[in-house]
Amino acid sequence: MILDFSTDKFSFNESPLEEWQQEILAFLQLWNNDLLTLTVLTSGSTGVPKEIEVLKNSMQQSALNTGLFFNLKKGDTAFLCLPVNYIAGKMMLVRAIVLQLKLVCVKPSQSINSNQKIDFAALTPMQINQSIDSIFNFKKVIIGGSKLEESTKEKLLKIKTTIFFETYGMTETVSHIAIKNISKQENYFRLLPNISMQYDERKCLVLSVPYISDKQIFTNDLVEIIDATKFKFLGRIDNVINSGGIKILPEIVEEKLKPYIPFNFVISSKQDDLLGEKLVLIIEGVENKKLVNKLALVFKNELTKYQIPKDIIFIKNIPKTINGKIMRKELKK
């Protein structure tokens, strides 16, 4: 399906339309009605997905911000491979409408393949991992929805035809509000224009996004603010583990262990009579005694005594949302 918003020419490949195509057309009908807002679903990574109302004008301003940052021009070709029932897919459509782009739409799937020259695309880390050899025709790619693994970043650095960016945002901020240039090996996020930030008393990020609301947006994301426009993401305060009175951020421990564990894994916790919560390492796959023995030395050399997991547990699948975010609460259950 090709939707050319620079000429208002739409091309449909099949009749009758598939469900994903019908969803795109349904969104366009909602966008063009007289209502000022749209209902969108949150990701559900910290619980059950919620419905929230967002202003269409806020979505338009977000699209203009993106267009300005990435220098997108009328007639440029964009690529939609995300489901439009979440904000990321909706915003690709809105960007195409507002910026008058030619939008190539394909059925959402884990593996992406396109022989066309694409100026701008949005993918999830899962799609990137499954399509690493099929995106050399893409000029600029934003990646969001969940954390991008360091091993994946190393692979992306070898693709010289494409510039890759990691994004920070949420449904409440109407998609991304900060960008990290992976191809330049940046280790911080940079705010988009007309957005400001500060800490709250928890050291969590507080955002001021005037085109969304005149009220501040409080997050549960622990960050290190570098200057007025740059910050590092450390982890979510919801995930903090209190073990024997010591507060441990699992994302920091995971970052230290990534070079040594060639499988999907998560730092979690179990109830413990002595500590309240004890740290555990969850690894996706079958039990691997060789890896366990190797990790004993890694723990000693790389972690503080409070960060060392008390148990290593192997499970078949780590629960994740549709866009690849780890469902930590489900994992504990």
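The values are calculated or read from the model by the stated rules, or taken from the named source; none is laboratory data. What you see is a predicted model; the values in this text were computed from it and never measured. Note: ideal-geometry Cβ built from the backbone for every residue, glycine included; neighbour counts use all protein chains shown. Ligands, DNA and RNA are excluded from the accessible area calculation, which covers all protein heavy atoms including side chains. Shrake-Rupley method; radii C 1.70, N 1.55, O 1.52, S 1.80 Å.
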Completion exercise
Mean Cβ-within-10 Å packing, highest first, puts peptides 81-88, 208-215 in the order 81-88, 208-215
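The stretch 112-188: which trypsin sites (Lys or Arg not before Pro) are DSSP loop and have at most 14 other beta-carbon atoms within 10 angstrom?
Counting only loop positions with at most 14 other Cβ atoms within 10 Å, the trypsin sites (Lys or Arg not before Pro) in the stretch 112-188 are LYS117, LYS158, LYS160, LYS184.
For the chain, what does the accessible surface come to per residue with a 1.4 Å probe? Please give it in Å².
Numbers: 17270 Å² over 333 residues.
Per residue, the chain has 52 Å² of solvent-accessible surface.
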Handout entry: Descending Cα extents along the principal axes, the stretch 108-204, whole Å
Key = 48, 25, 22
Fill in the blank from the handout: Here the FRET efficiency for ASN85 versus THR161, based on Cβ atoms and R0 = 30 Å and rounded to 0.05, is 0.45
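Per residue, how big is the convex hull around the C-alpha atoms of the stretch 174-215? Give it to me in cubic angstrom, could you?
Values: hull volume 3.6 nm³, N = 42.
Cα convex hull per residue, to the nearest whole number: 86 Å³.
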Completion exercise
So GLN271 and SER196, fully extended at 0.36 nm per residue minus their Cα-Cα distance, gain in nm 23.1 nm
Exercise for the section: Express the Stokes-Einstein translational diffusion coefficient of the stretch 263-333 in µm² s⁻¹, to the nearest whole number, given a Kirkwood radius over alpha-carbon pairs, 20 °C and a viscosity of 1.002 mPa s. Expected result: 163
Completion exercise
From the Cα centre of the stretch 247-263 to that of the stretch 149-205, the distance in Å is 19
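Between GLN110 and LEU30, what length in nm is gained on full extension when 0.36 nm per residue of separation is reduced by their alpha carbon distance?
Numbers: separation 80, 0.36 × 80 = 28.80 nm, distance 2.70 nm.
Length gained, GLN110 through LEU30: 26.1 nm.
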Completion exercise
Counting only backbone N atoms under 14 Å from a point 7 Å out along Cα-to-Cβ of GLU23, the residues of the stretch 52-96 in range are 80-93
Exercise for the section: Based on alpha-carbon positions alone, could you give the equivalent ellipsoid semi-axes of the stretch 205-281 from the gyration tensor, as √(5λ), descending, whole Å? Expected result: 30, 17, 10
Fill in the blank from the handout: Looking only at lysines whose Cα falls under 17 Å of LYS56's and that sit 8 or more positions away or on another chain, we get LYS90
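List, in the order given, every pair from LYS278/LYS325; LYS50/LYS140; LYS102/LYS232; LYS9/LYS158; LYS230/LYS320; LYS117/LYS160 whose Cα-Cα distance in the structure shown is over 25 Å. Walk me through the numbers on the way to the answer.
Numbers: LYS278/LYS325 23 Å; LYS50/LYS140 31 Å; LYS102/LYS232 34 Å; LYS9/LYS158 36 Å; LYS230/LYS320 29 Å; LYS117/LYS160 15 Å.
The answer is LYS50/LYS140; LYS102/LYS232; LYS9/LYS158; LYS230/LYS320.
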Problem - Where labels lie 7 Å past Cα in the beta-carbon direction, separation of PHE218 and ILE308 in nm - result: 3.8
